[in-house]
Amino acid sequence: RIARGCSYFLSGVMQGKKADGDGVAGTINQDYRGHIQKAVLAADASASIIEPWDIVGAVCAELYPDGTPKSDMFREDAHVRKAFGTVVDAAGQADVVISYLPEASMGSAVELHSASAAGRHILVVAPGSMAGNWVV
């Protein structure tokens with residue numbers, strides 16, 4: 001049973017199969033995040049939502065001066081590692097991870113592994129053939 005007032009990390013595919021070097025511009029539609037957040041808060045208004053995009057935004061604020069074009073961000077591997085590591089750490093610290101996986105996502109797989117290793121609750125929405133994916 002999941003207690004009220006838990007923290008919920010919103011995991012899910014961001015670039016997936018479309019990761020072709022376009023960075024933030026190469027992401028898939030992220031509308032599912034708002035739907036999951038609304039569902040969680042409707043069930044538990046005291047829940048806190050951990051949104052990876054907010055974490056990445058905070059890392060960007062540390063790494064880049066205001067006005068840096070998105071196309072100029074994350075060109076250095078160290079910057080990618082910092083943002084990704086910070087997000088993965090947050091997944092492992094959340095009480096619950098909810099992951100939406102309509103297609104394979106290496107980033108989400110690492111987030112799920114972090115949460116699993118930390119003994120967290122994990123809920124996965126995996127439509128279609130993803131329901132049988134070994135990561136799920």
Would you pick out the residues in the range 28-56 that are open to solvent by 30 Å² or more (accessible area, probe 1.4 Å), over 17 Å from Val13 (Cα atoms) and either polar (S, T, N, Q) or assigned to a helix (DSSP H, G or I) (or both)? Lys38, Ala39, Leu41, Ala42, Ala43, Ser46, Ser48
All positions within the range 78-98 that are open to solvent by 50 Å² or more (accessible area, probe 1.4 Å) and either closer than 15 Å to Val13 by Cβ or among the charged types (D, E, K, R) (or both): Arg81, Lys82, Phe84, Asp89, Asp95
Evaluation of Asp66 against (1) more than 14 Å from the chain's Cα centre (by Cα); (2) assigned to a helix (DSSP H, G or I); (3) among the charged types (D, E, K, R) (one fails), failing number: (2)
Positions within the range 109-123 being open to solvent by less than 50 Å² (accessible area, probe 1.4 Å), under 14 Å from Met14 (Cα atoms) and at pLDDT 95 or above, in sequence order: Glu111
Could you tell me which numbered condition Leu101 fails, if it satisfies all but one of (1) of a type in the set (A, V, I, L, M, F, W, C); (2) touching a helix residue (DSSP H, G or I) at 6+ places or on another chain (Cβ under 7 Å); (3) open to solvent by 60 Å² or more (accessible area, probe 1.4 Å)? (3)
Within the range 81-136, tally of residues that are more than 20 Å from Asp31 (Cβ to Cβ) and part of a helix (DSSP H, G or I): 24
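The values are calculated or read from the model by the stated rules, or taken from the named source; none is laboratory data. Not measured: the values here are computed from a predicted model. Here Cβ is always computed from backbone atoms with ideal geometry, including for glycine, and neighbour counts include all displayed protein chains. The protein model used for the area step is the full one, side chains on, heavy atoms only, and it has no ligands, DNA or RNA in it. Shrake-Rupley method; radii C 1.70, N 1.55, O 1.52, S 1.80 Å.
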